[in-house]
Amino acid sequence: MVSRSYSNLLDLTSGDSPTFGRGGRKLSRVATVAGVLSELDDESRSNASDAPSSVTQERMIIVGNQLPLRSHRRNDGEEGWNFSWDEDSLLLQLKDGLGEDVEVLYVGSLKEEIEPSQQDDVAQTLLETFKCVPAFIPPELFSKFYHGFCKQHLWPLFHYMLPLSPDLGGRFDRSLWQAYVSVNKIFADKVMEVINPDDDFVWVHDYHLMVLPTFLRKRFNRVKLGFFLHSPFPSSEIYRTLPVRDEILRALLNSDLIGFHTFDYARHFLSCCSRMLGISYQSKRGYIGLEYYGRTVSIKILPVGIHMVQLQSVLDLPETETRVAELRDKFHGQTVLLGVDDMDIFKGISLKLLAFELLLSQHPDQRGKLVLVQIANPARGRGKDVQEVQAETYATVKRINQKFGRTGYEPVILVDKPLQFYERIAYYAVAECCLVTAVRDGMNLIPYEYVICRQGTEKLDATLGLNPTAPKKSMLVVSEFIGCSPSLSGAIRVNPWNIDAVSEAMDSALIVSEAEKQMRHEKHYKYVCTHDVAYWALSFLQDLERACRDHVRRRCWGIGFGLGFRVVALDPSFRKLSVEHIVSAYKRTKHRAILLDYDGTMIVRNSISKGPNAEVISILNNLCRDPKNIVFIVSGKDTKTLTQWFSSCETLGLAAEHGYFVRPNHDAKWETCVAVVDFYWKQIAEPVMSLYTETTDGSFIDSKESTLVWNYQYADPDFGSCQAKELLDHLESVLANEPVTVKSGQNIVEVKPQGVNKGLVAERLLETMQKKGTVPDFVLCIGDDRSDEDMFEVIMSAVASASLSPVAEVFACTVGQKPSKAKYYLEDTTEILRMLQGLASASEHSAKHVSISPQRVIIDRE
């Protein structure tokens with residue numbers, strides 16, 4: 001199926017086909033035909049191959065909501081703009097970790113609105129001077145996108161605020177969602193203008209651009225694409241309230257690598273994928289990955305760091321030294337506690353102030369000695385909630401100062417004007433303790449900056465009267481709800497909602513011994529120095545390269561519409577089974593062996609009706625009527641169930657309990673494939689399973705003659721999976737010396753005798769046919785889960801042995817695209833039945849042809 005790279009929700013509803021590019025040369029095109037990835041350039045009309053490019057320099061395209069630039073109008077009387085790098089931008093800082101051999105190109109919007117008449121000139125200037133590609137967003141659209149969907153829906157939700165009333169974020173507005181999609185599409189167009197899809201890496205940043213991966217993957221199926229989320233990712237119970245939850249999850253899964261600051265954020269994302277999309281993750285050799293339509297989407301967990309070089313350079317500035325001296329004199333004889341936060345509802349400024357007020361109430365001896373400096377940066381959002389935070393902060397500061405202040409002493413100093421970076425650093429240098437009490441924050445680098453500034457320099461040590469050779473000290477009180485908390489093992493972690501606990505933590509930070517302050521500081525300093533922004537960026541790039549390593553050898557198809565688009569990526573040796581191909585082989589052959597799994601193959605797994613329907617029975621009977629066929633259903637069900645279900649299929653072979661019991665036809669008796677002396681091990685295993693059944697709601701035990709199965713398909717998916725792992729370990733421990741095998745499968749944990757597997761049925765069938773002199777020249781084996789891999793292995797290994805005809809046609813087929821020993825796949829049960837119906841029809845046609853042939857001869861003679 002050929003994908004259309006422009007199709008998104010807005011295009012589909014409007015009926016318009018947008019154009020890629022905004023002037024200049026036409027963009028390259030990619031046909032998503034299996035095995036073909038060609039790029040047609042209008043000038044050269046040359047074909048791009050799947051081989052790696054000969055270009056030696058790697059290029060990284062970094063995409064963020066805003067370009068790492070500062071812009072201001074020219075003040076020399078001329079029209080136009082002046083631009084300079086924004087040294088505080090993370091997107092600029094991470095460039096240090098990518099190395100000199102990686103060319104970096106930026107795509108993003110500008111903070112200032114550029115008139116349409118100047119946009120072409122500005123774009124040309126930024127590309128030539130800064131290697132920046134600006135995305136110009138119309139003001140009204142940008143407002144709906146940023147202040148609307150991003151700040152009104154995503155930002156509150158990702159910080160655990162539900163829109164329970166119009167005052168709390170407002171109800172979901174689909175026009176804002178459409179604006180979000182439109183802006184992401186504009187960003188995608190800009191990336192497409194400059195990308196070389198065979199060589200370039202693309203790194204998309206933050207929640208503003210979460211559907212961008214779909215547009216890029218749609219246009220270039222093999223694009224090397226990473227995404228990093230800088231905000232928290234909420235638990236599934238919060239995230240599932242978002243009306244467009246599936247669209248955003250699927251868009252993110254069109255990335256090759258998804259990064260998070262903490263394991264908690266990654267765990268919540270994985271839980272959402274499991275609960276809402278039915279996609280489970282696997283951990284292999286330290287890497288976490290999600291299998292998504294044949295592609296492995298890797299998960300990266302690494303908190304971002306600070307830019308050490310920039311911070312060190314500001315520490316060395318004369319202005320910093322002067323400001324430190326001023327603050328030293330201002331706070332002489334006093335202990336400074338410092339808070340640095342944005343003025344928004346999630347930073348917990350008021351909670352910090354209440355805790356400080358409690359501290360002064362409970363410790364009168366600290367009045368006059370203790371000062372809290374609260375630096376309040378301007379809020380990034382806007383609205384009623386920001387105004388309420390400001391009003392509450394001002395009122396609390398005023399109350400504390402009136403209550404505890406006196407002439408020459410102001411307990412709380414609120415700095416609510418914009419500060420230069422060197423001024424903030426000066427406050428860090430003189431503060432005895434840094435307080436971060438955010439109720440929810442994606443990362444927060446304030447503690448990292450504080451630790452480095454407390455390490456100081458020789459000049460600052462001299463200014464503060466410190467011994468340069470003496471160990472440095474610092475104390476941190478941090479909220480347990482911020483991203484940097486797990487990495488700061490020496491910090492005092494607090495629940496910011498617990499005012500008493502925060503107040504006690506402030507007091508503890510002051511009375512800790514000097515030696516312990518030094519030890520905590522040293523631990524933090526070593527971590528922050530070695531895990532800076534360069535380390536973070538390089539680590540992400542290395543993992544992105546690893547995640548994209550197999551791109552060139554994969555065959556890709558683009559399927560789906562709008563934001564439901566995804567790419568099916570397959571190994572070159574793993575391909576979809578063509579009905580025409582197998583029917584053709586079927587017609588040419590005379591001795592056929594057909595092995596079919598039941599659950600998940602002949603019927604949809606977990607369907608309400610477990611038994612075969614009329615269509616399945618009809619297909620099986622038609623196949624069995626053909627004397628050239630031997631057909632077996634190989635199932636995990638017990639003998640009684642299979643006998644009842646397939647009573648009308650007289651010549652159908654049945655294998656029950658994964659091959660322990662076999663019956664070649666309706667009139668034969670059930671036989672065992674493996675001799676088992678005793679099943680005494682059940683007396684050990686069943687009580688253990690019962691224990692887990694009692695504690696896991698929705699689970700049950702399926703007791704069969706040869707096996708015991710603990711099934712948790714109706715339990716909570718996360719809890720059931722967790723319990724299954726524990727049960728597996730428990731059973732392996734208590735049954736270590738028993739002749740049984742303990743295995744986990746799809747929503748089950750199974751105990752069965754050693755040597756019992758579905759491969760036994762395949763071996764037995766091939767041996768029986770060989771003894772009868774009917775060596776199979778056609779073998780079809782279909783299954784959908786791990787238990788069927790044993791059958792695949794047997795028939796694939798039989799190709800090289802004498803148990804099959806030298807010209808045998810062998811079809812090992814799995815249901816769905818996933819790692820398998822099978823060489824073919826079909827998408828689902830519907831496709832399986834359609835293919836089997838094709839074989840059955842071929843048998844019927846052949847039978848009719850044979851029955852009417854003598855009649856034709858008689859007519860000719862007459």
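The values are calculated or read from the model by the stated rules, or taken from the named source; none is laboratory data. Source: prediction; values computed, not measured. Neighbour counts are summed over all protein chains in view; Cβ atoms, including those assigned to glycine, are modelled from backbone coordinates with ideal geometry. Ligands, DNA and RNA are stripped out before the accessible areas are found, and what is left, the full protein with its side chains, is counted by its heavy atoms. Shrake-Rupley method; radii C 1.70, N 1.55, O 1.52, S 1.80 Å.
Give the residues of region 818-834 that are in contact with a Leu (Cβ under 6 Å, 6 or more places away or on another chain) and open to solvent by 10 Å² or more (accessible area, probe 1.4 Å), sorted by residue number. Break it down stepwise before answering.
If we filter region 818-834 for residues that are in contact with a Leu (Cβ under 6 Å, 6 or more places away or on another chain), which is where we start, we get 824, 826, 832.
Listed by number, the list holds a single entry, Y824.
Looking at region 714-808, what helices (runs of 4 or more DSSP H) fall wholly within it and have at least 1 residues that are crowded, with 16+ Cβ neighbours inside 10 Å and β-branched (V, I, T)? Reasoning before the result, please.
Working: elements: 717-734, 759-771, 789-798.
Filter on region 714-808 gives 759-771, 789-798.
Taking region 708-737, which residues are under 18 Å from P687 (Cβ atoms) and of a type in the set (D, E)? Break it down into steps so the answer makes sense when it comes.
Within region 708-737, the first condition is being under 18 Å from P687 (Cβ atoms), and the residues that meet it are 708-712, 723-724, 726-737.
Scanning region 708-737 gives E726, D729, E732.
What single numbered condition from (1) under 24 Å from R555 (Cα atoms); (2) part of a loop (DSSP other than H, G, I, E, B) fails to hold for I288?
Condition not satisfied by I288: (2).
Residues S274, S255, S231, S283: which one is free of Cβ contacts under 8 Å to residues at least 12 places away in the same chain, in contact with a strand residue (DSSP E or B) (Cβ under 9 Å, 6 or more places away or on another chain) and either on the phi < 0 side of the Ramachandran plot or of a type outside the set (D, E, K, R) (or both)? Full working, then the answer.
Working: S274 fails: free of Cβ contacts under 8 Å to residues at least 12 places away in the same chain; S255 fails: free of Cβ contacts under 8 Å to residues at least 12 places away in the same chain; S231 fails: free of Cβ contacts under 8 Å to residues at least 12 places away in the same chain.
Answer to the selection: S283.
Do we find a residue being over 15 Å from the mean Cα position of the chain (by Cα) and closer than 18 Å to L154 by Cα anywhere in region 197-205?
Restricting attention to region 197-205, the residues satisfying the condition of being over 15 Å from the mean Cα position of the chain (by Cα) are 197-202.
When the remaining residues are screened for being closer than 18 Å to L154 by Cα, the result is none.
No: zero hits.
List the strands (runs of 3 or more DSSP E) inside region 490-582, counting only whole elements, that have at least 3 residues being polar (S, T, N, Q).
Details: elements: 492-494, 555-559, 566-570.
No strands (runs of 3 or more DSSP E) qualify here.
Considering each of V314, V324 in turn, give the residue that is part of a helix (DSSP H, G or I), closer than 28 Å to L353 by Cα and in contact (Cβ under 8 Å) with a residue 24 or more places away in the chain. Before the answer, list the steps.
Working: V314 fails: closer than 28 Å to L353 by Cα.
Unique residue meeting the criteria: V324.
Yes/no matrix, rows are residues, columns are (1) within 35 Å of the chain's Cα centre (by Cα); (2) farther than 30 Å from W536 by Cβ; (3) without any contact (Cβ under 8 Å) to a residue 24 or more places away in the chain; (4) assigned to a helix (DSSP H, G or I):
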| position | (1), (2), (3), (4) |
| --- | --- |
| N75 | no, yes, yes, no |
| E79 | no, yes, no, no |
| K95 | yes, no, no, yes |
| G99 | yes, no, no, no |
| L126 | yes, no, no, yes |
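Have a look at R605, R588, R592 and point out the one that is on the phi < 0 side of the Ramachandran plot, buried (at least 22 other Cβ atoms within 10 Å of the Cβ) and not hydrophobic (A, V, I, L, M, F, W, C).
One residue alone meets the criteria, R592.
Would you point out the residue of region 35-73, among those that are part of a loop (DSSP other than H, G, I, E, B), among the hydrophobic types (A, V, I, L, M, F, W, C) and open to solvent by less than 40 Å² (accessible area, probe 1.4 Å), that is modelled with the lowest pLDDT?
At the first step, the residues of region 35-73 found to be part of a loop (DSSP other than H, G, I, E, B) are 35-57, 67-68.
This time we only want the ones that are among the hydrophobic types (A, V, I, L, M, F, W, C), so: 36-37, 40, 48, 51, 55, 67.
Next, from what is left, pick out any that are open to solvent by less than 40 Å² (accessible area, probe 1.4 Å): 37, 48, 67.
Details: L37: 32, A48: 36, L67: 97.
So the residue we want is L37.
Can you find, within region 477-503, the residue that is farthest from the chain's Cα centre (by Cα) among those that are open to solvent by less than 10 Å² (accessible area, probe 1.4 Å) and of a type outside the set (A, V, I, L, M, F, W, C)?
S503
From the list I345, I301, I306, which one is in contact with a strand residue (DSSP E or B) (Cβ under 7 Å, 6 or more places away or on another chain) and of a type in the set (A, V, I, L, M, F, W, C)? I'd like the intermediate steps shown before the answer.
Values: I345 fails: in contact with a strand residue (DSSP E or B) (Cβ under 7 Å, 6 or more places away or on another chain); I306 fails: in contact with a strand residue (DSSP E or B) (Cβ under 7 Å, 6 or more places away or on another chain).
Result: I301 is the single residue among I345, I301, I306 that is in contact with a strand residue (DSSP E or B) (Cβ under 7 Å, 6 or more places away or on another chain) and of a type in the set (A, V, I, L, M, F, W, C).
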